[in-house]
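The values are calculated or read from the model by the stated rules, or taken from the named source; none is laboratory data. The structure displayed is predicted, hence computed values, not measured ones. Cβ placement follows ideal geometry from the backbone for every residue including glycine, while neighbour counts extend to all protein chains displayed.
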Amino acid sequence: MSLSKQETLQYSLRDEYRHSEFDPSKARIKNKYIYNQENIFAKSILSNIIISFEQFLASIYETLVLFHPKCYFEDKKIAVCELIDGDLGDILKRMIDREVESNIFDSLNALDRIKEKSSVDVDRFIPIRKEFEEIYYRRNIFVHNNGYVNEKYLGNVDKKYKENLSVGKKLVCDGYYLDNAISVLYKITASLHYEILNAIGADAEHYDSLANLGFESLQNKNYSLAEYIYGILRRHRTFQYINKAMYEVNYINALKLQGKDVTKLLESFDVSIATDDYKIAKECLLDNNDKVYEMLTRTYPESFSAWMIREWPIFIKFRETELYEKFISEHKEDFDKFLFEKEAEDEHLEEVL
């Protein structure tokens, strides 16, 4: 059927559709509203990620300038009037503030500068910068272009992020992406944390806060972040054996809990000179639960306390066995006491909150 230039085609909705609950105009409005809300949400989360990073980087940057002022001010000049009118300490403080402020709002440039001046390299052991850069430029896309790809985005991100993308295509920013973006924020700040400790020559105990974050990540089942943190710490050359062994155990466990193959790592992990707790930990990683039970029975509670056995991630697989239930029944008083104390702590926390 075809229409001539003089003919027109008209149509109307029957009453049964006109008065139904489905209203196309309302549906379009609702769809537009949802689309706008999703954009606002993505824009807000991505912006907060970058702002949080820039705030952290500013404190790192200032610390590095204080530790290596000659590196950052080697090409700077001071006006004579500043020397006459001001205290030297105040002048230096203003120079540091200007140095930080002039670089920090371009965080990628700031990363380049601290790498050049202080040898701070966030990619030293495990590459993370390109992943962060993609989040940085995706934030710009959602803030300035409603999430639609432009030439600048394509020109700045690594090639693996722009496969099947072209100018004008809408970028995805769903829950999975945002969860990963937050994880990347933690990873790059953890890397910076490690790097600044390295740059200022910190003692081994100053790395504990980073190790604690890795342990909390294991407990919270954020295994990817735990893998990243312990993957950095295990490569530090000057740690003593006890620290390296602990980081290695947690690193292997983080990999294992993600379903990754850890066979070669376990084969090379030597605990022959280690204390019982590390030998038990290796048996846990090997899933030798009979051996774990036997060794715990022989060394408890010197090797691991009831709290450790019930809470620590290294015993996750062991806790799924009947041998664990047997061990609990054999030390019922200790485990009941632990549970009582834990419940009391939880109740106190709820009251405080």
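Which residue, of VAL143, VAL120, is among the aliphatic types (A, V, I, L, M), within 20 Å of ILE45 (Cβ to Cβ), surrounded by 12 or more Cβ atoms within 10 Å (Cβ to Cβ) and under 23 Å from the mean Cα position of the chain (by Cα)? After ruling out the rest, the residue left standing is VAL143. The residues of the range 242-264 that are surrounded by 12 or more Cβ atoms within 10 Å (Cβ to Cβ) and either assigned by TED's automatic domain parsing to the domain that holds MET295 or not in a helix (DSSP H, G or I) (or both), listed by number, are GLN258, LYS260, VAL262. When the range 281-326 is filtered for residues that are assigned to a loop (DSSP other than H, G, I, E, B) and not aromatic (Phe, Trp, Tyr), the ones remaining, listed by number, are LEU286, ASP287, ASN288, PRO301, GLU302, SER303, SER305, ILE316, LYS317, THR321. When LEU255 is tested against (1) over 26 Å from TYR194 (Cα atoms); (2) modelled with pLDDT of 95 or more, only condition (1) is not met. Being in a helix (DSSP H, G or I) and at pLDDT below 85 is true for just one of LEU83, LEU66, LEU46, LEU57. Which residue is that? Going through LEU83, LEU66, LEU46, LEU57 in turn, just one is in a helix (DSSP H, G or I) and at pLDDT below 85: LEU83. Restricting the search to the range 185-205, which residues are acidic (Asp, Glu) and either assigned to a helix (DSSP H, G or I) or within 15 Å of VAL65 (Cα to Cα) (or both)? Those that are acidic (Asp, Glu) and either assigned to a helix (DSSP H, G or I) or within 15 Å of VAL65 (Cα to Cα) (or both): GLU195, GLU205. With respect to the stated conditions, ALA226 is within 17 Å of TYR194 (Cα to Cα) and either among the hydrophobic types (A, V, I, L, M, F, W, C) or assigned by TED's automatic domain parsing to the domain that holds ILE316 (or both).
State yes or no: is ALA274 in a loop (DSSP other than H, G, I, E, B), touching a helix residue (DSSP H, G or I) at 6+ places or on another chain (Cβ under 7 Å) and of a type in the set (A, V, I, L, M)? Spelling it out, ALA274 is indeed in a loop (DSSP other than H, G, I, E, B), touching a helix residue (DSSP H, G or I) at 6+ places or on another chain (Cβ under 7 Å) and of a type in the set (A, V, I, L, M).
Restricting the range 221-241 to residues that are assigned to a helix (DSSP H, G or I) and aromatic (Phe, Trp, Tyr) leaves a set whose member that is surrounded by the fewest Cβ atoms within 10 Å (Cβ to Cβ) is TYR241.
Of the residues making up the range 146-191, those that are crowded, with 17+ Cβ neighbours inside 10 Å, among the small types (Gly, Ala, Ser) and under 20 Å from the mean Cα position of the chain (by Cα) number 3. Just wondering, is there one or more residues in the range 163-173 that are polar (S, T, N, Q), over 24 Å from TYR230 (Cβ atoms) and touching a residue at least 24 places away in the same chain (Cβ under 8 Å)? No: the range 163-173 contains no residue that is polar (S, T, N, Q), over 24 Å from TYR230 (Cβ atoms) and touching a residue at least 24 places away in the same chain (Cβ under 8 Å).
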